[in-house]
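This report concerns only the one structure given below.
The values are calculated or read from the model by the stated rules, or taken from the named source; none is laboratory data. Everything quoted here is computed from the prediction, not taken from an experiment. Glycine also receives a Cβ, built like all others from the backbone with ideal geometry; neighbour counts cover every protein chain displayed.
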Ligand SMILES: Nc1ncnc2c1ncn2[C@@H]1O[C@H](COP(=O)(O)OP(=O)(O)OP(=O)(O)O)[C@@H](O)[C@H]1O
């Protein structure tokens, strides 16, 4: 079959350009990526062979082999794993399926400096393409297990690649790099040096469960005049040598493993190039024995909230890799946790369906979730900065657990923190959130509830009229801006015996007993004074609101709209509607501020004209007040043009 030439998909081309122009300074990591892919391919083959008897594949000596050729300046990483079919090569190597890629590339282009770019690429990882940091040509020869023909893929990374069918390819994949010239200033080392390779395998891939062997180097031609090729330290080993210890880190005791080793395992599992934020170890002894090594990443991945996001827990059974993305082991709200769980007493043939129903697995799931939550709790006191990073990255997803994990609800509330009126954001815009415990400790005398308000942003919430009395009285309010906040506040009754209460719902009743008594007397008088206006307005606006009443939450604004204590808020109703759940319209309550000149003026005008005189102007004023209250809380008018027309007419009269 002739050689075909294909073009890289646009994103792939852009990414390759960045690799060629080396935006990432630590070029050594290309080897980690190739070994990691090879190891995955071996895992896949072992599993497939186990499940499919008809797969004619040799699984007797699964391994990874690294071969260097000093003369040709090439490095080959070879595995006898699952391999790729012709179509898989085109699909997996020529395109980038990751949905976050376009966004990532955009951010990368906008990154202000090299270290910002490194940070980004570290979060994303680019796998196979990282070869182009050290090579000016990459060739991949592969044959899928069970297929007879192989495929050769080659590219210089410049926009196109070639593909040809090969008859006698061995099963598995060999990636050969034609190395760029050594340039130590640019941290581009001599990757034909067996010593360098050994060092890199030890550093990045020691824990890989398959042997990584260094092939014997082809015999060097006789030494040149300078005798360089025979320099003692560069003598190649004659026999294949296994470079990694293959020890499963999770099975070793804590003091035997360095942090660096844990970090490299994390990078292998997660495809993240950064170190994790936290390493969690768990050893369960007894009737159902297992070991877990879990990692909390330092950054939330781009696709954490997308459908189909894969959970990062790998299941092993007695050191044998069984599956990625083992959803039975971690609840959805902890889907950002990566790691390995190795169980001793499961069958190698265990399926996802069986796992979902297995009681032992359910117990393991509960124990792992609890362990992650307790680790976060400890982190809060032992390392508040680390906790702050964790919360900023994963708080949104953790809060989903308040709705789904009743057993751990209190634990999740205990590790949650929220933006608050108590502390403004720092100069660089970072929130300084508070825990509920801290909130409760600061509660004023006579304050019974934990007050919050939901909204689009801190600014929108702070400007809402609902906040006025709370601000005036110095009562702290939690500012909840995540979509999930709308939902959990309705579902979670209390923290530490204190109920959650929206400042935009129900009646407010603030202050000490004495203040409350005083306010009541004052309110009695106002009620009498305004009774006529309130009942007239209630009737006038009956299509839109269920009641018009006097407010005790306003100090500056003339009016605001509130919901009844148990009503669904408009934002939540909109969310349900967006998910296709019909929610009937609920009328809300219009509250008037009797101390505002507009409201007292309206009352006066209403009393004067009550004797049956023309009421149209007043009716329009009532409508405008309602519209203003709606706008002030960030709501949308049902008929903006009518609102503008009425407003313009009134403005005109003032000129
Ligand atoms: N040695 C190999 N054997 C079999 N398949 C491979 C091999 N190397 C790569 N692949 C296939 O190509 C895909 C793309 O590899 P690549 O390294 O670019 O990305 P990845 O490993 O999926 O993720 P990441 O970019 O985070 O490393 C892999 O998911 C795998 O399916």
Inset, instruction - Please work out which one of (1) within 13 Å of the ligand (Cβ to nearest atom); (2) surrounded by 18 or more Cβ atoms within 10 Å (Cβ to Cβ) is the condition residue 147 fails and give its number. - result: (2)
Inset, instruction - Within the range 120-130, identify whether any single residue is more than 10 Å from the ligand (Cβ to nearest atom), closer than 26 Å to residue 274 by Cα and either without any contact (Cβ under 8 Å) to a residue 40 or more places away in the chain or not assigned by the TED database to the domain that holds residue 16 (or both), and answer yes or no. - result: yes
Legend entry - Residues of the range 167-209 satisfying the condition of being within 16 Å of the ligand (Cβ to nearest atom) and free of Cβ contacts under 8 Å to residues at least 40 places away in the same chain: 169
Inset, instruction - Give, as residue ranges, the strands (runs of 3 or more DSSP E) completely inside the range 1-112 that count at least 2 residues that are within 13 Å of the ligand (Cβ to nearest atom), in the same structural domain as residue 185 (by the TED database) and touching a strand residue (DSSP E or B) at 6+ places or on another chain (Cβ under 9 Å). - result: 64-69, 74-79
Inset, instruction - Among the residues of the range 322-349, write down those that are touching a helix residue (DSSP H, G or I) at 6+ places or on another chain (Cβ under 9 Å) and over 28 Å from residue 390 (Cβ atoms). - result: 322, 345, 346, 347, 348, 349
Inset, instruction - Looking at (1) in contact with a helix residue (DSSP H, G or I) (Cβ under 8 Å, 6 or more places away or on another chain); (2) over 28 Å from residue 333 (Cβ atoms); (3) surrounded by fewer than 18 Cβ atoms within 10 Å (Cβ to Cβ); (4) modelled with pLDDT of 90 or more, find the lone condition where residue 467 falls short. - result: (3)
Legend entry - Residue that is modelled with the lowest pLDDT, among those in the range 279-303 that are crowded, with 21+ Cβ neighbours inside 10 Å and under 12 Å from residue 338 (Cα atoms): 301
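Yes/no matrix, rows are residues, columns are (1) in contact with a helix residue (DSSP H, G or I) (Cβ under 6 Å, 6 or more places away or on another chain); (2) more than 21 Å from residue 605 (Cα to Cα); (3) in contact (Cβ under 8 Å) with a residue 12 or more places away in the chain; (4) surrounded by fewer than 16 Cβ atoms within 10 Å (Cβ to Cβ):
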| residue | (1), (2), (3), (4) |
| --- | --- |
| 505 | no, yes, yes, no |
| 518 | no, yes, no, yes |
| 522 | no, yes, no, yes |
| 525 | no, no, no, yes |
| 534 | no, no, yes, no |
| 570 | no, yes, yes, no |
| 586 | no, yes, yes, yes |
| 591 | no, no, yes, no |
Legend entry - Criterion (under 36 Å from the mean Cα position of the chain (by Cα) and surrounded by fewer than 20 Cβ atoms within 10 Å (Cβ to Cβ)) met by exactly one of 48, 4: 48
Inset, instruction - Return the total of residues in the range 80-97 being buried (at least 17 other Cβ atoms within 10 Å of the Cβ) and modelled with pLDDT under 75. - result: 1
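Looking at the range 315-410, what helices (runs of 4 or more DSSP H) fall wholly within it and have at least 1 residues that are within 19 Å of the chain's Cα centre (by Cα) and buried (at least 19 other Cβ atoms within 10 Å of the Cβ)?
Here the list reads 359-382, 384-398, 401-404.
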Legend entry - Test for residue 307: is it surrounded by fewer than 16 Cβ atoms within 10 Å (Cβ to Cβ) and part of a loop (DSSP other than H, G, I, E, B): yes
Inset, instruction - Filter the range 178-191 down to residues that are more than 36 Å from the chain's Cα centre (by Cα) and within 21 Å of residue 157 (Cα to Cα), then give me how many there are. - result: 7
Inset, instruction - Tell me the helices (runs of 4 or more DSSP H) entirely within the range 557-655 that contain at least 1 residues that are more than 18 Å from residue 537 (Cα to Cα) and modelled with pLDDT under 95. - result: 570-578, 616-632, 640-654
Legend entry - Failed item, numbered, when residue 166 is tested on (1) modelled with pLDDT of 95 or more; (2) within 38 Å of the chain's Cα centre (by Cα): (2)
